[in-house]
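This report refers to the structure that appears directly beneath it.
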Amino acid sequence: MKKILLVLFLVFGFTTLVWADDDHDDDDDDRDDEAIELPAVTVIPTGTVRAKFEYQPKPNNARFNVRTARFGIGGELYSHFAYKMEIDLSDEGKIKMVDAYVAAKIYRGLNFSIGFMRVPFTIDAHRSPHLQYFANRSFIAKQVGNVRDIGAVLGWKFGKRVPTNLQVGMFNGSGLIESLSTYWTQHYNYSAKVSIAPVREMNFVASYQTTMPEDVRIHLYDVGCTYRTGRWIMEAEYLRKEYTRGTFTGVNAVDAFFCYGIPVKGFFKTISFLGRYDYMDDHSNGIAGDDGGLFANDRRRHRATAGMTFSLGLPFTADIRLNYEKYFYDKGVTPNPSGHDKIVVEFMAHF
């Protein structure tokens, strides 16, 4: 099965190059007489900054933080290829690559991407920072379903009455590591994701991923639905993570939220009221400890978040997010330093 998938990706990649260049292969005899007009190459810069202040009442501590400082460029090359390169200057205090891939339009909704990118899996983990509804990501987006890797994705968008987006991907399973020049593997990361909109207001998403960080293969299943009507946005998502050979107990994760936006006149254009509940079981990232066994990197917890977002409605996206997070742990669990109840005030700007 792995060899078949690998061959399919190579075939689609080669076919992409052939079809992408197909429009320039006609009328060879006329090339000397007529100049070939090619579409312009586009270069579009993008950037996102998220700066915030956080206060935890119980430990009575606080901090200023720059959680995101992304800058990148993207665009199209002669209408057939697209590209994106993006880095984050402040990803948990480090400079990290976010995206670096090339995409090609194949034929009638088919597209092929290769490079470093977000693995097609889940709803919330796929949101860019400027599209997030809350100051801090859900447990699904941060701990359980957050994966970027180097590989290839084949996508197919089809259906006018019922728009459908299907993606299948094959990745190294290594992420972006410094030793990639000497990295080879037989244990790939596979993923598949389908998004269906049976009606205009509703979008269903189902996805699957299997990865093998070290010696234990992990299977992840995710389903979710987003519903938009009037000023309301509601979303619910469930993820199940299973570890083979009984090496760690399966993980359940839930994320559900609502957003109600009110247009206003004046300095702000929209004020939104939000609420979220998310949950996760004891979670392991699949990396063994000193004893050779898997352990819980993140402890089981519930969280309730209430918030308001003030949107300026400028040509670039600019929001002020005010959130309060309430955590619930099992008796005897000591939260990590950032896992206490907190008040967050975040300023976000995107262009």
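The values are calculated or read from the model by the stated rules, or taken from the named source; none is laboratory data. Just so it is clear, the model here is predicted, and its values are computed rather than measured. Counting neighbours? That spans all protein chains shown, and the Cβs are built from the backbone with ideal geometry, glycine included.
When Ala141 is tested against (1) assigned to a loop (DSSP other than H, G, I, E, B); (2) under 16 Å from the mean Cα position of the chain (by Cα); (3) hydrophobic (A, V, I, L, M, F, W, C), just one condition goes unmet, and that condition is (1).
Out of all the residues in region 152-167, is one or more within 30 Å of Tyr327 (Cα to Cα) and not in a strand (DSSP E or B)? No, every residue in region 152-167 fails to be within 30 Å of Tyr327 (Cα to Cα) and not in a strand (DSSP E or B). Identify, by number, the condition in (1) surrounded by 15 or more Cβ atoms within 10 Å (Cβ to Cβ); (2) free of Cβ contacts under 8 Å to residues at least 60 places away in the same chain; (3) closer than 24 Å to Ala135 by Cβ; (4) of a type in the set (Phe, Trp, Tyr) that Phe248 doesn't meet. Answer for Phe248: the failing condition is (3). Restricting the first member to region 266-292 and to residues that are over 30 Å from Thr317 (Cα atoms) and touching a residue at least 40 places away in the same chain (Cβ under 8 Å), and the second to residues that are small (Gly, Ala, Ser) and part of a strand (DSSP E or B), the beta-carbon pairs closer than 6 Å and six or more apart or on different chains are Met280/Ala253.
Of the residues making up region 235-274, those that are in a loop (DSSP other than H, G, I, E, B) and under 23 Å from Arg303 (Cβ atoms) are Phe248, Thr249, Gly250. Close contacts from region 54-79, counting a first residue that is of a type in the set (D, E, K, R) and a second that is outside any strand (DSSP E or B) and modelled with pLDDT of 95 or more, with Cβ to Cβ under 7 Å and a gap of 6+ residues or different chains, come to Lys58/His340; Lys58/Asp341.
Tallying residues that are within 20 Å of Gly307 (Cβ to Cβ) and touching a residue at least 24 places away in the same chain (Cβ under 8 Å) within region 251-262 yields 8. Among the residues of region 174-183, some residue qualifies, meaning at least one is in contact (Cβ under 8 Å) with a residue 12 or more places away in the chain and farther than 30 Å from Arg276 by Cβ. Among all residues of region 145-164, there is none that is touching a residue at least 60 places away in the same chain (Cβ under 8 Å), crowded, with 18+ Cβ neighbours inside 10 Å and in contact with a Cys (Cβ under 8 Å, 6 or more places away or on another chain).
Flag: Ala197 matches the condition of being without any contact (Cβ under 8 Å) to a residue 40 or more places away in the chain and not basic (Lys, Arg). Can Gly230 be described as over 18 Å from Arg137 (Cα atoms), out of contact with any strand residue (DSSP E or B) (no Cβ under 7 Å at 6 or more places or on another chain), loosely packed, with under 15 Cβ neighbours inside 10 Å and not charged (D, E, K, R)? Yes; evaluated as a whole, the condition is true for this residue. State whether the residues of region 190-211 include one that is in contact with a helix residue (DSSP H, G or I) (Cβ under 7 Å, 6 or more places away or on another chain) and charged (D, E, K, R). Looking for residues that are in contact with a helix residue (DSSP H, G or I) (Cβ under 7 Å, 6 or more places away or on another chain) and charged (D, E, K, R), one finds none in region 190-211, hence no. For the criterion of being farther than 22 Å from Tyr221 by Cα, of a type in the set (A, V, I, L, M, F, W, C), part of a loop (DSSP other than H, G, I, E, B) and at pLDDT 95 or above, Phe134 passes.
Scoring Gln186 on the criteria (1) touching a Phe, Trp or Tyr at 6+ places or on another chain (Cβ under 7 Å); (2) within 24 Å of Ser284 (Cα to Cα) leaves a single failure, condition (1). Condition first: surrounded by fewer than 22 Cβ atoms within 10 Å (Cβ to Cβ) and either basic (Lys, Arg) or touching a helix residue (DSSP H, G or I) at 6+ places or on another chain (Cβ under 9 Å) (or both). Now tell me which residues in region 113-132 satisfy that. Hits for region 113-132 are Ile114, Arg118, His126, Arg127, Gln132.
Each row is one residue, and each column tells you yes or no for (1) within 25 Å of Leu239 (Cα to Cα); (2) under 23 Å from the mean Cα position of the chain (by Cα); (3) surrounded by 15 or more Cβ atoms within 10 Å (Cβ to Cβ).
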residue	(1), (2), (3)
Arg276	yes, yes, yes
Met280	yes, yes, yes
Ala288	yes, no, yes
Gly293	yes, no, no
Arg299	yes, yes, yes
Gly339	yes, yes, yes
Glu346	no, yes, yes
